[in-house]
Amino acid sequence: MQTILPPSDSADAALCRWQEAGLIKSADMQAARAVANTLAAEHHRHGAWQQRLAWLGLSLGALSFGAGVIFFFAYNWADLHRFAKFAVLEGAMLGLLGLLFMLERREIATGKGAILLMLDLLFGALLAVVGQVYQTGADPWQLFALWSVFSLLLAMGYRSDWLWCCVIGQLNLALTLYFSTRFGLWAMFDDQVRIIVVIASVNLVLHLFLDAAPRFKITAATMPFASLFALLLALGYLVWLAALLVFDSGSLLWGQTLYGTDGASIVGAGLLLLSPLVYLYYRRINPSAIGLGLWGFAAIGVATMALSRLILESSDDPVGIFMLVGMFVLGCSSALVVYLKAMLRDMSPDVDESVTSGLLASKAPDFESDVEPDVENDVEPDFEPDGEDKGEDNAKERHP
């Protein structure tokens, strides 16, 4: 795959390539990433926001181009001949491949990720056109499943967070369409719970896989942003599940909702079971303030829903209810933010030490090479060892 696709221009992908080439030892990858993050932060303070803005503009431009092609076909579908449809799509794909080849030949790193993103979108449009023109009879979820496989090949070859996010999004759409086709849009409550649990579990497994990829030396899946995107989707489904259990029951305390168990018991048991596991993983095993923060805010949202339902069932004062719920949200959110800031302070000394050791290790060979004397081109000093200055004699000869 690396012989077909160009290398990614991200820092993580460059470090992974250097590790595969043997330039960086596996034990030094954490220090190398710390050095890269430190240099990136220093570069960001000196105007790197312009490059980030340019990268964001390229990515949004790629998304807009792909969406424009899809909307063009949707609007002019009846007026275009089937050969014209294929000609427009395949011509655009060939043009993008030619542009990608030109950038690779000229060793221009900027824009290659955006071109691959446009290629991915056009491939999805091509699958949809094939299905509509030839009436293959395939379900929509099969289209997104095939699309996700193609995107996975691009993501593993180019090692881009954007392409991995496309894979995760397409996989979620494929699962959602599959379950909606199998059970219908308005499934029974037990079926809804099972569907949400399955999709949330898939996203959580993807997050854990991408999060553990650096430790298991899976360089093609070392994608921190895509890992957080998968976690965000998993938490969204889990919060949705909690909302169903809390609000879609006759009574929060006494309503039988799932397998003879009330919603409050399921939500409470889930929070009590997941809280220590989440803390152990994101604080001890793989420290991550962002991951722990996402779980914490999701738990605050679920607790807020349960508290609101309990108060609404036991009180008729809406003003007091909103004040109490607002104070609960503000207090829990403030406490979580304070803890996350303390966690970042605790993590910073380890990072600084690794940065220092990595910088010293990288600079040591340069110092040795710089201090070697140049014996052949050594300049003769202007004074003799016995203390007589030859500079004065030379000056007298020039000025008698």
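The values are calculated or read from the model by the stated rules, or taken from the named source; none is laboratory data. All of these numbers come straight from a predicted model, not from anything done at the bench. Positions of Cβ are backbone-derived with ideal geometry, glycine not excepted, and every protein chain shown enters the neighbour counts.
Annotation note: Cβ proximity below 8 Å between a residue of region 312-324 that is free of Cβ contacts under 8 Å to residues at least 60 places away in the same chain and over 18 Å from VAL246 (Cα atoms) and a residue that is of a type outside the set (Ser, Thr, Tyr) and assigned to a loop (DSSP other than H, G, I, E, B) (sequence gap 6+ or interchain) occurs for no pair. Within region 282-324, restricting attention to residues that are hydroxyl-bearing (Ser, Thr, Tyr) and in a helix (DSSP H, G or I), which residue is farthest from LYS341 (Cα to Cα)? For region 282-324, the residue satisfying everything is SER314.
Against the test of being more than 30 Å from ASN37 (Cα to Cα), surrounded by 18 or more Cβ atoms within 10 Å (Cβ to Cβ) and in contact with a Ser or Thr (Cβ under 7 Å, 6 or more places away or on another chain), the options ALA200, ALA174 yield a single qualifying residue, ALA174. Pairs meeting the criteria (first residue in region 194-223 and basic (Lys, Arg), second residue assigned to a helix (DSSP H, G or I), beta carbons under 7 Å, at least 6 apart or on different chains) are LYS217/SER26. When region 229-239 is limited to residues that are hydrophobic (A, V, I, L, M, F, W, C) and surrounded by 19 or more Cβ atoms within 10 Å (Cβ to Cβ), the one that is farthest from GLU20 (Cα to Cα) turns out to be LEU238. Of the residues making up region 117-157, those that are of a type in the set (Phe, Trp, Tyr) and buried (at least 16 other Cβ atoms within 10 Å of the Cβ) are PHE123, TRP141, PHE144, TRP147, PHE150. Scan region 31-76 residue by residue and report those that are surrounded by 13 or more Cβ atoms within 10 Å (Cβ to Cβ), more than 21 Å from SER160 (Cα to Cα) and modelled with pLDDT of 80 or more. Hits for region 31-76 are VAL69, ILE70, PHE72, PHE73. With respect to the conditions (1) among the polar types (S, T, N, Q); (2) under 16 Å from the mean Cα position of the chain (by Cα); (3) under 24 Å from ALA243 (Cα atoms), THR181 lacks only one, and its number is (2).
Checking each residue in region 104-138 for being farther than 21 Å from LEU63 by Cα and in contact with a Leu (Cβ under 7 Å, 6 or more places away or on another chain) picks out only GLY131. Taken over region 211-251, residues that are of a type in the set (D, E, K, R) and modelled with pLDDT of 80 or more amount to 2.
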